[in-house]
Amino acid sequence: MAFESLSDKFQNIFNNLKKKGKLSEADVKAAMREVKMALLEADVNFKVVKDFVNAVKERAIGDEVMESLTPGQHVIKIVNEEMVALMGSDESELTFTTGGGPTIYMMVGLQGAGKTTTSAKLAGLLKKKGKKPLLVACDIYRPAAIKQLQVVGEQLSIPVFSMGNQNKPIDIAKAALEHGSKNHHDLIILDTAGRLHIDETMMDELIELKEVIKPKETLLVVDAMTGQDAVHVAELFNEKIGVDGVILTKLDGDTRGGAALSVKAVTQKPIKFAGMGEKLSDLEVFYPERMASRILGMGDVLTLIEKA
Amino acid sequence: TKTRDNILGGVDQVLSGFSSIDEDFYEELEEALIMADFGVHTALRILSDIKVKVKEQHIKDPMEVKNLLKEELMEIMHLSDDAYIFEEKKSVILIIGVNGVGKTTTIGKLAMRYKAQGKKVVLAAADTFRAAAIEQLTEWSNRANVDIVAGQANSDPGAVVYDAVFAAKARKADMLICDTAGRLHNKKNLMDELGKINKIIDREYPEAHKEVLLVLDSTTGQNALQQAKQFKEVANITGIVLTKLDGTAKGGIAIAIQSELNLSVKFIGVGEGIDDLQDFNPEEFVEALFKQ
Ligand SMILES: Nc1nc2c(ncn2[C@@H]2O[C@H](COP(=O)(O)OP(=O)(O)OP(=O)(O)O)[C@@H](O)[C@H]2O)c(=O)[nH]1
Ligand SMILES: Nc1nc2c(ncn2[C@@H]2O[C@H](COP(=O)(O)OP(=O)(O)OP(=O)(O)O)[C@@H](O)[C@H]2O)c(=O)[nH]1
Ligand SMILES: [Mg+2]
Ligand SMILES: [Mg+2]
């Protein structure tokens with residue numbers, strides 16, 4: 001991979017230097033070039049990379065190198081700290097409706113991102129924690145979308161509310177709320193159809209759903225393999241519909257997952273969960289710090305530095 | 001047909017802001033290519049080619065650089081003359097790719113295309129794993145009005161392909177199109193399973209031309225290169241389908257894949273409808289990269 005060797009490259013850049021104690025502008029610039037490349041190879045958005053690199057440069061130039069660290073390690077430490085500052089360092093929890101009424105989550109995102117699978121995973125997870133979930137089939141467009149939700153619902157023994165594909169999503173959602181309250185469901189998860197962020201009609205459908213149903217959280221589902229366009233998608237979903245949290249899927253692949261950083265940077269919304277496989281149990285709490293070192297591809301180096 | 005009007009800033013925007021060719025100009029151009037998902041490596045390689053040509057040809061006008069760049073990209077994405085020859089033969093098309101990229105939908109579109117050409121088409125529902133994948137393909141077979149061979153959910157996908165080959169022969173099909181489950185390229189057991197499916201086709205249907213299409217989501221970043229490399233290991237990929245080009249992603253990764261792995265895009269997906277599949281046109285693709 002292009003930057004398994006990021007730390008090696010750092011070593012090379014700083015090897016020729018004596019321990020000057022201070023970082024020169026030229027050294028830092030050379031190191032930042034490598035960081036920039038690494039982030040771009042990891043699919044972090046170009047503009048986000050630019051801002052990031054400038055922030056690190058500013059901090060690093062002229063900085064005193066600590067006794068225990070070589071200049072290379074010192075810069076890596078700064079890079080990592082800035083990265084964690086951007087990604088956020090704490091895990092972020094889901095919020096629940098308190099006092100009366102069920103908690104409603106609405107899943108939104110591009111086609112094929114993993115909304116239906118993640119709806120089921122989330123319902124399964126919260127069922128284990130004592131909730132009584134209801135899954136709602138609001139995707140009336142994709143062939144067999146309803147059936148898909150029914151199959152995964154059945155695998156988890158979680159009921160699925162559907163009205164076929166001849167009713168509008170808004171009417172299905174309204175009826176689902178009624179059904180949910182009659183049957184004492186305290187958690188309702190709406191699976192919606194995949195859509196493009198630039199598809200006005202389809203985005204309007206979500207706007208209306210949100211206005212009427214008032215979900216506690218609107219969760220944007222994002223494929224971890226997304227490239228430069230991730231910022232654009234996240235920005236528009238957030239602007240038009242309003243996003244409360246993000247779920248990053250397909251992290252069981254070998255992508256660096258730079259989209260995570262891009263989405264966080266443009267929306268400032270927390271990434272709450274990570275999809276780690278196709279099985280319905282493959283949903284994990286998202287740890288921003290781990291993601292930071294995954295994107296940089298230098299988890300090992302960081303452990304070493306922490307020990308130093 | 002739909003056009004791909006992107007609202008992102010394109011190369012054109014960059015070019016129009018410059019009156020002379022300098023380092024800033026090249027830097028902006030590099031940025032535009034990277035924003036289109038070319039990847040750093042490919043973007044830099046292409047730009048260094050361009051720089052040499054600009055010098056050699058004593059070019060002074062930034063707009064002329066545009067033409068050079070276009071020519072270069074069109075050259076890279078050029079399709080060989082026999083790219084679509086399988087459409088005139090008795091063929092089996094194996095559709096592969098990672099999860100959610102648009103495999104099943106593409107099969108629906110291809111089925112419609114060949115049906116409209118008066119061909120006998122059979123579909124094989126060899127994704128037996130994903131929830132309701134069989135029902136999804138069945139719906140597409142109804143829309144296109146073509147035959148489908150399917151087994152039980154969670155049954156052996158190899159067995160489905162085996163049965164489908166048998167059916168294709170018996171019904172004298174012109175086109176057999178096989179759906180497969182989405183799988184990430186780093187999952188060894190799933191890739192092995194795909195290798196097996198591939199071998200079954202070779203063994204049972206040697207008389208058919210074999211076309212293996214890797215489906216890539218144009219929204220995908222640099223990981224698509226990894227996908228193409230790994231899938232190439234288990235099946236002899238003969239072309240790429242680049243889907244979701246009706247969005248705002250430019251699909252520049254296809255250029256990296258073509259130049260590094262020599263795999264050509266043959267079809268593009270431009271929507272969720274049955275007619276939203278087009279032959280790949282290098283000129284239109286490159287033109288769209290430049291548009292804002
Ligand atoms: N490997 C892996 N696959 C996943 C994950 N999440 C979802 N998938 C797969 O991705 C594909 C698409 O998932 P869906 O849940 O159908 O996606 P969707 O967003 O509902 O799709 P549309 O409704 O068509 O927009 C399926 O093959 C899922 O099994 C994940 O975390 N890891
Ligand atoms: N906008 C757009 N959406 C597309 C296109 N092609 C497919 N889709 C959508 O992408 C989603 C996933 O498509 P599928 O055909 O189910 O993808 P797949 O690769 O078969 O998915 P798995 O079998 O789960 O791996 C669906 O919502 C499709 O409607 C396209 O060209 N443009
Ligand atoms: Mg869905
Ligand atoms: Mg499929």
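The values are calculated or read from the model by the stated rules, or taken from the named source; none is laboratory data. For clarity, every value in this text was computed on a predicted model and none was experimentally measured. Counting neighbours? That spans all protein chains shown, and the Cβs are built from the backbone with ideal geometry, glycine included. Quick note on the areas: whole protein, heavy atoms, side chains included, nothing else; ligands and nucleic acids left out. Shrake-Rupley method; radii C 1.70, N 1.55, O 1.52, S 1.80 Å.
How many residues does the stretch A:228-240 contain that are within 11 Å of chain B (Cβ to nearest Cβ) and touching a Lys or Arg at 6+ places or on another chain (Cβ under 9 Å)?
Summing the residues that are within 11 Å of chain B (Cβ to nearest Cβ) and touching a Lys or Arg at 6+ places or on another chain (Cβ under 9 Å) in the stretch A:228-240 gives 3.
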### Task
Determine if the stretch A:134-145 includes at least one residue that is farther than 30 Å from residue B:248 by Cβ, modelled with pLDDT of 95 or more and either surrounded by fewer than 21 Cβ atoms within 10 Å (Cβ to Cβ) or away from chain B (no Cβ under 14 Å) (or both).
yes
### Task
For the stretch B:219-236, name all the residues that are open to solvent by less than 10 Å² (accessible area, probe 1.4 Å) and away from chain A (no Cβ under 11 Å).
B:228, B:231, B:235
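Given the residues B:202, B:174, B:246, which is the only one that is within 15 Å of the chain's Cα centre (by Cα), acidic (Asp, Glu) and open to solvent by 10 Å² or more (accessible area, probe 1.4 Å)?
B:246
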### Message
Taking the condition of being within 14 Å of chain B (Cβ to nearest Cβ) and either open to solvent by 40 Å² or more (accessible area, probe 1.4 Å) or within 16 Å of ligand 2 (Cβ to nearest atom) (or both), how many residues in the stretch A:120-133 meet it?
### Response
2
### Message
With the condition being over 24 Å from residue B:262 (Cα atoms) and within 14 Å of chain A (Cβ to nearest Cβ), I'd like the strands (runs of 3 or more DSSP E) fully within the stretch B:80-175 carrying at least 1 qualifying residues.
### Response
B:121-126, B:147-149
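If only one of A:57, A:50 is over 30 Å from residue A:189 (Cα atoms), open to solvent by 10 Å² or more (accessible area, probe 1.4 Å) and within 11 Å of chain B (Cβ to nearest Cβ), which one is it?
A:50
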### Message
Looking at the stretch A:149-173, I want the residues that are more than 21 Å from residue B:133 (Cα to Cα) and at pLDDT 95 or above and have a partner that is more than 13 Å from ligand 3 (Cβ to nearest atom) and not in a helix (DSSP H, G or I) with Cβ atoms under 7 Å, at least 6 apart or on another chain. Which pairs are those?
### Response
A:172/A:163
### Task
For residue B:184, work out the one condition from (1) open to solvent by less than 50 Å² (accessible area, probe 1.4 Å); (2) within 12 Å of chain A (Cβ to nearest Cβ); (3) within 30 Å of residue B:78 (Cβ to Cβ) it doesn't fulfil.
(3)
### Query
How about the stretch A:120-155: which of its residues are within 11 Å of ligand 1 (Cβ to nearest atom) and part of a strand (DSSP E or B)?
A:137
## Note on the structure
Listed by first then second residue, the pairs whose first member lies in the stretch A:67-94 and is closer than 18 Å to residue A:260 by Cα and of a type in the set (Asp, Glu), whose partner is part of a loop (DSSP other than H, G, I, E, B) and open to solvent by less than 20 Å² (accessible area, probe 1.4 Å), with beta carbons under 7 Å and at least 6 positions apart or on separate chains, are A:91/A:286
### Message
Checking residue A:92 against (1) within 16 Å of ligand 3 (Cβ to nearest atom); (2) under 16 Å from the mean Cα position of the chain (by Cα); (3) of a type in the set (Gly, Ala, Ser), only one condition comes out false. Which one?
### Response
(1)
### Message
Of the residues A:117, A:103, A:95, only one is more than 14 Å from chain B (Cβ to nearest Cβ) and open to solvent by 10 Å² or more (accessible area, probe 1.4 Å); which?
### Response
A:95
#### Entry: Pair list, Cβ < 7 Å and 6+ apart or interchain, from the stretch B:190-218 residues that are within 14 Å of chain A (Cβ to nearest Cβ) to residues that are open to solvent by 40 Å² or more (accessible area, probe 1.4 Å)
B:191/B:230
### Summary
Those residues of the stretch B:177-196 which are within 12 Å of ligand 2 (Cβ to nearest atom) and not hydrophobic (A, V, I, L, M, F, W, C) amount to B:179, B:180, B:182, B:183
### Query
In the stretch A:256-286, how many are surrounded by fewer than 17 Cβ atoms within 10 Å (Cβ to Cβ) and not charged (D, E, K, R)?
3
### Message
Can you report the number of residues in the stretch A:69-119 which are of a type in the set (D, E, K, R), within 30 Å of residue A:196 (Cα to Cα) and outside any loop (DSSP other than H, G, I, E, B)?
### Response
1
### Query
So, of the residues in the stretch A:250-265 that are out of contact with any Lys or Arg (no Cβ under 9 Å at 6 or more places or on another chain) and among the hydrophobic types (A, V, I, L, M, F, W, C), which turns out to be nearest to the other protein chains (Cβ to nearest Cβ)?
A:259
### Summary
Those residues of the stretch B:90-109 which are closer than 18 Å to residue B:185 by Cβ and open to solvent by 10 Å² or more (accessible area, probe 1.4 Å) amount to B:99, B:100, B:102, B:103
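Table: residues versus (1) open to solvent by 30 Å² or more (accessible area, probe 1.4 Å); (2) within 15 Å of ligand 3 (Cβ to nearest atom); (3) in contact with a strand residue (DSSP E or B) (Cβ under 7 Å, 6 or more places away or on another chain); (4) at positive phi.
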| residue | (1), (2), (3), (4) |
| --- | --- |
| A:150 | yes, yes, yes, no |
| A:153 | no, yes, yes, no |
| A:163 | yes, no, no, no |
| A:168 | yes, no, no, no |
| A:172 | no, yes, yes, no |
| A:187 | no, no, yes, no |
| A:190 | no, yes, yes, no |
### Query
In the stretch A:233-250, how many are away from ligand 2 (no atom under 16 Å from the Cβ) and within 7 Å of residue A:220 (Cβ to Cβ)?
3
